[in-house]
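This report concerns only the one structure given below.
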Amino acid sequence: MFPVSRFVSESAAADLLRQVRWCDGVECPRCRSDLTVRNGSYRVYQRYLCKNCGRTFNDKTGTIFAHSKLSLKEWYFTIYLFLRFNTSIRQIEAELDLSYKTVRRRVERFARALDAPSITLSGPVEIDEVYVSAGLKGCERDQASRSRGLSTRGRGTYDGDKPPVFTLVDRGSNERYVVPAKSADESTIRLLLADRHQESLTVYTDGFRAYDPLEEDDAFTRKYVVHSNGEYADDDIHINTCESHASLARRWISPHRGVSKTKLTPYLRAFQLRRELFRKPGDEALKHALNAAL
Ligand SMILES: [Zn+2]
């Protein structure tokens, strides 16, 4: 259910932050000491005194919500609409009567606070790459940056404003990952597949050449489908789950109309988070989202 109370009452919003942030007890954000006592309040936020370093702090100190023009309830509403409903920043701006710039900055500050997914593979694994149109929206354009130079025809490149985005589906753990990269080459692929449980990891790919070296390597068992031969799914050998997940990722980015390539990583981490809180009830989803950004 939509957690309305957290969006209308600042003290209900602050209460939720306290629950999430101090679930293991209050800790000084400066010296990490737990020798803290309640010390009055700052507006509706609880203030604390650290007996170790003698400084005071409140519920928001040291989080992305500190020193913000937005109230916590506005932050929550923004994050919730963004993650849950894939709402564009323009639309959030209209709902909250804030400026476009304010909303975009907050969304991006939130997304940048999210940790990189730690990829540990059980296998077998499907891996595939797509090329997302992402230029330098909102950034100073470098005069020479559009030269195609030595890039391979037909494949996108980071410099050509079509950076590769890898999708991995771990059939063992049912986890999915979407990771943007600078280039779709062997070393990137090896890095993505580095952390694994299986002695020899079974990897399903398409016929892209950059996966070829995996065949020479005992650490991998590579099996592939060649799309151009009209060969799509040979029993287990397919990358269909990858392809459908990649299309969800594309749909996630699309309302934001050309996310800059420098911001693809935070936006795709938010996509990962969206999957984690999918089907969680409203309040739980919001807690999970806050916890991810603390
Ligand atoms: Zn302290």
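Coordinate-derived values only; no laboratory data. Remember, it's a predicted structure, so these values are computed and weren't measured experimentally. Here the Cβ is made from the backbone with ideal geometry for all residues, glycine too, and neighbour counts use every protein chain on show.
Listed values, structure above:
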{"item": "Förster-model FRET efficiency, 22 Å R0, W22 and R112, C-beta, rounded to 0.05", "result": "0.40"}
{"item": "Cα long-axis angle, helix 282-293 against the chain (0 to 90 degrees, to the nearest 10)", "result": "80 degrees"}
{"item": "With Cα atoms, 0 to 90° folded angle of helix 72-85 axis to the chain main axis", "result": "20 degrees"}
{"item": "Acute angle (nearest 10 degrees) that the helix 100-112 long axis makes with the longest principal axis of the chain, alpha-carbon atoms", "result": "70 degrees"}
{"item": "Estimated FRET transfer efficiency (E199, L248; beta-carbon r; R0 22 Å; 0.05)", "result": "0.10"}
{"item": "Amide hydrogen neighbours beyond the local backbone of D128, cut-off 5 Å, H modeled", "result": "T167"}
{"item": "Under-21-angstrom lysine pairs by C-alpha in the chain, whenever the two are 8 or more apart or on separate chains", "result": "20"}
{"item": "Dipole of the chain, positive direction: furthest Cα of F208, F271, L81, with charges on the beta-carbon", "result": "L81"}
{"item": "For L114, distant residues with modelled amide H under 5 Å away", "result": "none"}
{"item": "Additional length obtainable on full extension of the chain from S187 to S122, 0.36 nm per residue less Cα span", "result": "21.4 nm"}
{"item": "Residues R43 and R155, FRET efficiency given R0 of 41 Å [Cβ-Cβ distance, rounded to 0.05]", "result": "0.15"}
{"item": "MRE, 222 nm, helices only [DSSP H, n ≥ 4, -39500 (n - 2.57), over the chain, to nearest 500]", "result": "-10000 deg cm²/dmol"}
{"item": "Under 13 Å, Cβ to Cβ, from L121 - net charge with Lys/Arg +1 and Asp/Glu -1", "result": "-1"}
{"item": "Amide hydrogen neighbours beyond the local backbone of A134, cut-off 5 Å, H modeled", "result": "K162"}
{"item": "Net lengthening on full extension, A66/C31 (0.36 nm per residue, minus Cα-Cα)", "result": "10.8 nm"}
{"item": "Cα centroid separation, the stretch 152-200 to the stretch 266-281 (Å)", "result": "19 Å"}
{"item": "Label-point separation, R55 to M1 (7 Å along Cα→Cβ), nm", "result": "4.1 nm"}
{"item": "GNM flexibility winner over the chain from L191, L273, L121 (Cα, springs under 10 Å)", "result": "L191"}
{"item": "Sparsely packed trypsin sites (Lys or Arg not before Pro) within the stretch 65-134, loop by DSSP, other Cβ within 10 Å at most 12", "result": "K69"}
